[in-house]
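No value in this document is a laboratory result; all are computed from the given coordinates. What you see is a predicted model; the values in this text were computed from it and never measured. Using ideal geometry, Cβ is built from the backbone for each residue, glycine included, and neighbour counts are taken over all protein chains shown.
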Amino acid sequence: MPELESEPVAGARITGPVLALDTTGTLGSVALGLAGVDGAVAGEVVETFGPSNLHSRSLLPAIRRVMGEAGVETGDLALLVATRGPGSFTGLRIGLATAQGFALAAGTRAAGISSLDAAALADAAADGSRLRRLVVVDALRGELFAALYDGMGPEKLVSGPCRLLPKDSVRRATEHGAARICGPGVLRYRSAMVSPEVDIEIVEDRRALAPAALRLGLQAARRGEPALEPLYLREPDIHDRSVTL
């Protein structure tokens, strides 16, 4: 994947339309919002789509719809954001390549965001609390990618990311003092997580990650962090190695 010609500049002020993409899981999403000088996002338009095997067909039409609804052209974009994993290998490459292409076409900055960071923020924003949470996304092959957060955002990361078996998630969450398990991975593996001996909240909501990625990407770009590098937690099968929390 070619690099963008210009790197983000730390402390740079980004204002104007920001487009965020997430294709790392079963539910894909696109969000477009207007970033103000104070860092707030206004006029947000969100589109979701699925299943994951159709993300390559669904992503561009979704982008066209949100940009059309907002009256925004490619050249108007101030920032492109994409979730960079962990998640579906094919899905995250689709999102990153698309964001890269739009950023090059618009001649603008791009930012890559962890899907776990976005899921933590999406859950905390919906719940309205800053409790400790184990966030999980589907790693396929019967596994989860997981990370532990005290509240929301990457600065609240306590441990991880790592690979985790669904049956071990409640035990790990309890050992680390988490009050809940949430994220896109819950939907598929909830039955393997439930334990009658442990009182822990398991949140099965199917939430779009692009709105949270938009806000995190805006912060990352303003800090001058590197853009659009994929985050893999699993090597190809021939080189497979385990990582634990």
So for the range 68-158: antiparallel DSSP bridges make up what percent, rounded to the nearest 5?
65
Rounded to two decimals, what is Rg over Rh for the range 106-198 when you use alpha-carbon atoms and the Kirkwood radius?
1.01
Can you tell me the mean projection area, over all orientations, of the convex hull of the range 175-229's alpha carbons? Units nm², please.
5.8
Can you tell me the orientation of helix 89-106 relative to the chain, as the angle in degrees between its alpha-carbon axis and the longest Cα principal axis, to the nearest 10?
20
Please label the shape of the range 6-125 as rounded, prolate or oblate, based on the square roots a ≥ b ≥ c of the eigenvalues of the alpha-carbon gyration tensor (a/c under 1.5 means rounded; beyond that, a/b larger than b/c means prolate, else oblate).
rounded
Return a whole-number percent for the relative contact order of the chain, with Cα pairs under 8 Å and 6 or more residues apart as the contact set.
24
Under Karplus coefficients 6.51, -1.76 and 1.60, residue-wise ³J(HN,Hα) of the range 64-80 in Hz, glycine/proline x
4, 5, 5, 5, x, 5, 8, x, 10, 9, 3, x, 7, 5, 8, 7, 10
If unit charges are put on Cβ atoms (+1 for Lys and Arg, -1 for Asp and Glu) and the dipole of the range 16-71 is taken about its Cα centre, the option from L60, L21, V46 lying farthest towards the positive end turns out to be L60
Which of the listed residues, L121, T98, F145, is farthest toward the dipole's positive end in the range 74-146, when Lys, Arg count +1 and Asp, Glu count -1 at the beta-carbon?
F145
In percent, how large is the relative contact order of the range 34-110, given Cα pairs closer than 8 Å and 6 or more residues apart?
25
For the range 103-245, give me the percentage of DSSP beta bridges that are antiparallel, rounded to the nearest 5 percent.
70
How do the peptides 35-48, 165-178 rank, highest first, by the average count of neighbouring beta carbon atoms within 10 Å per residue?
165-178, 35-48
Using a Gaussian network for the chain with springs between C-alpha atoms less than 10 Å apart, which of these wobbles most: A122, A97, A110?
A97
Once you treat every alpha carbon in the range 75-156 as an equal point and sum by Debye, what is log10 I(q)/I(0) at q = 0.19, 0.22 Å⁻¹?
-0.86, -0.98
Scaled by the rule-of-thumb 2.2 N^0.38 Å, the alpha carbon Rg for the chain gives a ratio of 0.98
